[in-house]
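Student: There's a structure below that I have some questions on.
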Amino acid sequence: MDNRKYPTELANVKAIKAKLSKTDYALLEKEFTAAMEQNIFPFWYGTKWDFNGTTQMPNEGKIACGYFVTTTLSHAGVPLNRVKLAQAASETMIRELTEAKNIHHISNTSISIFEDKMKKLGNGLYIIGLDNHTGFISISETGNYFIHSSGGFPFQVVKEKISKSKVLKKSNYKVVGKISADKSFLKKWINHSF
């Protein structure tokens, strides 16, 4: 996508936030997930990966996996320390952003069992922490995806089916935080102006 249009999409997210009720959590979950998946992530697909990548503009420079997570959340208007959390262990990042009741460990399972357990946790957007990696998991009726800045081929930000992800298959450790259903997280998002 043409990254010159990215600031317009971020302005659209800001406008959506301004119109939302601060107490209708079902609507907040839906709108937050849509903002990430429709207004923000598509611009980042194809952005090159680098272990030390910290770019804040899609498809300009390179981005590491943790910075992809924190930068996109920051761009959506989530108040966070982008650098500190990007450099933290993925479970630390998840615990910083998500209440304990929305955090789940699904380790040492096959990819099909992992996907089945994710479906049981319900539709929405999650942050996932792996052995040495992090990204987002999207669960919905239209498909289940892993969205991340991949340190393996093709070495860029990708959206891939959970069942096809080599990175997910290889990692024994998996922890997820369901940010889209976390009331505390959503309150911070809706109350923070950017």
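Derivation of every value follows stated rules applied to the coordinates shown; laboratory data play no part. What you see is a predicted model; the values in this text were computed from it and never measured. Note that each Cβ is placed from the backbone with ideal geometry, even for glycine, and that neighbours are counted across all protein chains shown.
Student: Which of rounded, prolate, oblate describes segment 1-160, given a ≥ b ≥ c as roots of the alpha-carbon gyration tensor eigenvalues and a/c under 1.5 marking rounded, otherwise prolate only if a/b is larger than b/c?
Tutor: The shape class here is rounded.
Student: Would you work out the charge dipole size for the chain about its Cα centre, treating the Cβ of every Lys and Arg as +1 and the Cβ of every Asp and Glu as -1, and quote it to the nearest 20 debye? Write out the running numbers ahead of the final one.
Tutor: Numbers: 27 positive and 17 negative charges, 24 e Å.
Dipole size: approximately 120 debye.
Student: A further question on this structure: For a quick check: with amide H placed at 1.01 Å from N, whose amide H comes under 5 Å from Gly135's, ignoring anything fewer than 5 positions away on the same chain?
Tutor: HN-HN under 5 Å from Gly135: Ile128.
Student: Sticking with this structure for a sec: If you filter segment 1-101 for GluC sites (Glu not before Pro), then keep DSSP loop positions with at most 12 other Cβ within 10 Å, what is left?
Tutor: Details: sites: Glu9, Glu29, Glu31, Glu37, Glu60, Glu91, Glu96, Glu99; in loops: Glu60, Glu99.
Answer in residue order: Glu60.
Student: Which shape class, rounded, prolate or oblate, goes with segment 1-46 when its Cα gyration tensor gives a ≥ b ≥ c as root eigenvalues, a/c under 1.5 marks rounded, and past that a/b bigger than b/c marks prolate? Mind showing how you got there, number by number?
Tutor: Values: a/c = 5.30, a/b = 1.90, b/c = 2.78.
It is oblate, given that a/c is not under 1.5 and a/b is not larger than b/c.
Student: Which listed residue (Leu10, Ser171, Phe32) has the Cα farthest towards the positive end of the charge dipole for the chain, taking +1 on Lys and Arg C-beta and -1 on Asp and Glu C-beta about the Cα centre?
Tutor: Phe32
Student: If you average the sequence gap of Cα pairs under 8 Å that are 6 or more apart and divide by the length of the chain, what percent do you get for the contact order? Write down the numbers at each step before the final one.
Tutor: Values: 352 pairs, mean separation 49.3, N = 194.
Relative contact order comes out at 25 percent.
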